[in-house]
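Asker: Below is one structure. I have some questions about it.
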Amino acid sequence: MSAMALAAAALGLALGCGRVASPNPGGAAAAPAAAPVAAAPVAAGPAAAAPAVAAPAACASGTCYVAVSVATVWVKPRYPRAVDKPALGNPAHPQLWVRAMTVAQKSWLVGRLETQALYGTKVTVTGHWRNWTQVAVPSQPTNRDRRGYPGWVPTVQLTRTAPPAAATSAVIRSQAAWLWSRWTAGGVAGTKMMLVSYDTRLPVVLAAATYVEVTLIGGQKAAVRRGDVVLHGAGSSWGATRARVVAEARKFLRLPYLWAGTSGFGYDCSGFTYSVYHSYGLTLSRDADQQAVHGTVIARSGLQPGDLVFFRNSTNGPISHVGMYVGGGTMIDAPHTGAVIRIDPVSSFAYYAGARRYLSR
């Protein structure tokens, strides 16, 4: 980890919200010097109570898919600690992992995590080392690797089986939602199968008034509460507006910050803006410095709710933070480790670095 990253961790800053450059971005697999933590199945605690979802085909090469609720992507496979075990297995338990960590343990993650990828997300395999797979995430654009955001994932969390095709997808719009093993006219029933994150997309079999039946990777059926999802038909408009993305962002007020987070269990600053826009079918770059070079340049005097505002840690430093303008000189943002998503004055950050607009209305 660079000196900048170490300083940021010590100060609780979200350096780049973003990224400390990977030692080997997009390159061939490099054998780490230390033995990795075993990426084995993790026993669910009492709060999880989730049976294993049917295991699809193992990932070996080429195109694979995330087979757990949230796959955490690491800079190197030697980094994970014992406290990270809930995030390494299949099933994964990201909620238990995040809740169990102290602020100091979360600060340790700065510069050691790359990003996260949600259930069903496509990845491109770029290498292997023992029980880890090096991947690129095409749905998270970056200037670091043209194939997508790079990093290492436990191999057990990937599958070569693609999610089933469907005319309609259920997009999770709650911070997180349980998938259930049974359903009736009265709603979901049976056993909790998997706790999936905001912005997870699931192929729809049947949409009823109280539940939506979906198909998991490998063909297993499950149901989700109707109120936890919106339905999106293939080829139809997602209906994104600046007001709607601001309303989505407000759902996460008081959610704790997580370095590299892109799930409803915890976000970093650019993972937060990326995910809120992505839930409406708009794909932004993954990191703040790249979100700051796309879209339409907006003067500070012309800011409208939904615009993204950017900041530096010094006068001429790189972009280090992003927030979403919500009006009245304020923004909603995920500030740093130890903080929660909150409303901050734009003026509370000394080194304003401009704004970009991604929606015309």
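The values are calculated or read from the model by the stated rules, or taken from the named source; none is laboratory data. Every value quoted in this text rests on a predicted model; they were computed, and no experiment measured them. Cβ coordinates were reconstructed from backbone atoms using ideal geometry, including for glycine residues, and neighbour counts include every protein chain displayed. Each accessible area value is taken on the protein alone, full model and side chains, heavy atoms only, with ligands, DNA and RNA left out. Shrake-Rupley method; radii C 1.70, N 1.55, O 1.52, S 1.80 Å.
Asker: Is it fair to say D344 is open to solvent by less than 10 Å² (accessible area, probe 1.4 Å) and either closer than 19 Å to P256 by Cα or in contact with a strand residue (DSSP E or B) (Cβ under 9 Å, 6 or more places away or on another chain) (or both)?
Answerer: When the stated conditions are applied, D344 does not pass them.
Asker: Return the pair list, or none, for Cβ contacts closer than 8 Å from residues in region 312-335 that are without any contact (Cβ under 8 Å) to a residue 60 or more places away in the chain and within 18 Å of H278 (Cβ to Cβ) to residues that are among the charged types (D, E, K, R) and open to solvent by less than 30 Å² (accessible area, probe 1.4 Å), at least 6 apart or on different chains.
Answerer: Listed pairs, sorted by first residue: G323/D333; G323/D344.
Asker: I'm trying to understand the selection: among the residues of region 241-254, which are in contact with a Phe, Trp or Tyr (Cβ under 7 Å, 6 or more places away or on another chain) and open to solvent by 20 Å² or more (accessible area, probe 1.4 Å)?
Answerer: Listed by number, the list holds a single entry, R244.
Asker: Could you give me the residue pairs with C-beta distances under 7 Å whose first residue belongs to region 268-296 and is farther than 13 Å from A249 by Cβ and in contact (Cβ under 8 Å) with a residue 60 or more places away in the chain, whose second residue is in a loop (DSSP other than H, G, I, E, B) and among the β-branched types (V, I, T) wherever it lies, and which are 6+ apart or on separate chains?
Answerer: Within 7 Å, the pairs are S285/T142; R286/T142; D287/T142; Q290/T142.
Yes or no, residue by residue, for (1) at pLDDT below 50; (2) touching a Leu at 6+ places or on another chain (Cβ under 8 Å):
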{"residue": "P25", "(1), (2)": "yes, no"}
{"residue": "P36", "(1), (2)": "yes, no"}
{"residue": "A40", "(1), (2)": "yes, yes"}
{"residue": "A92", "(1), (2)": "no, no"}
{"residue": "A104", "(1), (2)": "no, no"}
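Asker: Just the residues that are open to solvent by less than 40 Å² (accessible area, probe 1.4 Å), under 19 Å from R244 (Cα atoms) and among the polar types (S, T, N, Q), please, taken from region 264-290.
Answerer: S270, T273, S275, S279 - these are the residues of region 264-290 that are open to solvent by less than 40 Å² (accessible area, probe 1.4 Å), under 19 Å from R244 (Cα atoms) and among the polar types (S, T, N, Q).
Asker: Within region 321-341, can you find the residues that are of a type in the set (G, A, S), closer than 27 Å to K106 by Cα and either open to solvent by 20 Å² or more (accessible area, probe 1.4 Å) or touching a helix residue (DSSP H, G or I) at 6+ places or on another chain (Cβ under 9 Å) (or both)?
Answerer: G323, A334, G338
Asker: In addition: Among the residues of region 123-147, write down those that are out of contact with any Gly (no Cβ under 9 Å at 6 or more places or on another chain) and under 19 Å from D287 (Cα atoms).
Answerer: N143
Asker: Among P203, P150, which is part of a strand (DSSP E or B), over 26 Å from K221 (Cβ atoms), touching a strand residue (DSSP E or B) at 6+ places or on another chain (Cβ under 7 Å) and of a type outside the set (A, V, I, L, M, F, W, C)?
Answerer: When all the criteria are applied, what remains is P150.
Asker: Considering (1) at pLDDT 95 or above; (2) farther than 22 Å from E114 by Cα, say which one Y274 fails and leave the rest.
Answerer: Of everything listed in (1) at pLDDT 95 or above; (2) farther than 22 Å from E114 by Cα, Y274 misses just condition (2).
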